[in-house]
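Have a look at the structure below before the remarks.
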Amino acid sequence: QVQLVESGGGLVQAGGPLRLSCAASGRTFSSYVMGWFRQAPGKEREFVAAISRSGGGTYYADSVKGRFTISRDNAKNTVFLQMNSLKPEDTAVYYCTLSGRLYYTDSADFHSWGQGTQVTVST
């Protein structure tokens, strides 16, 4: 089973950037579509972005399209989420996860969740 560890969260001012990383264990990393979800207090976990096995295809939630970029380095078993122009409503715990298909957005279709990393955007 793949284990995922997120890092890079923190406190940032609105309009600023932040880059999240997710390191995966195991030798099957490139076999999976990788994704990012987030969960704000009192809200359900929501899809943010996903990337295909090769990295050639990506998919974003409308709320982050044009501001966030997902990428991966299969040689290093790592997936990234570059977040620019951050807004207070982006404040949440961000989770790394994996699935079998690129266009899944339901959390039930993802598995092997990381522990999450907190992102807080101040005004």
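The values are calculated or read from the model by the stated rules, or taken from the named source; none is laboratory data. Everything quoted here is computed from the prediction, not taken from an experiment. Methodologically, a virtual Cβ is constructed for each residue, glycine included, from the backbone with ideal geometry; neighbour enumeration extends over all protein chains shown. All accessible areas refer to the heavy atoms of the entire protein, side chains included, with ligands and DNA or RNA removed. Shrake-Rupley method; radii C 1.70, N 1.55, O 1.52, S 1.80 Å.
Structure above, values below:
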quantity	calculated
Residues (in contact (Cβ under 8 Å) with a residue 60 or more places away in the chain, open to solvent by 20 Å² or more (accessible area, probe 1.4 Å) and farther than 17 Å from residue 112 by Cβ) located in region 13-43	13, 14, 15, 17, 18, 19
Residues of region 108-123 satisfying the condition of being in a loop (DSSP other than H, G, I, E, B) and hydrophobic (A, V, I, L, M, F, W, C)	110, 113
Filtered residue count, region 77-111, keeping only those that are exposed (fewer than 15 other Cβ atoms within 10 Å of the Cβ), of a type in the set (D, E, K, R) and at pLDDT below 95	2
Single unsatisfied condition, residue 85 versus (1) under 16 Å from residue 99 (Cα atoms); (2) more than 10 Å from the chain's Cα centre (by Cα)	(1)
Qualifying position, being of a type in the set (Asp, Glu), touching a Leu at 6+ places or on another chain (Cβ under 9 Å) and modelled with pLDDT of 95 or more, among 44, 6	6
Residue match in region 48-68 (condition: in contact (Cβ under 8 Å) with a residue 60 or more places away in the chain, touching a Gly at 6+ places or on another chain (Cβ under 9 Å) and of a type in the set (Ser, Thr, Tyr))	no
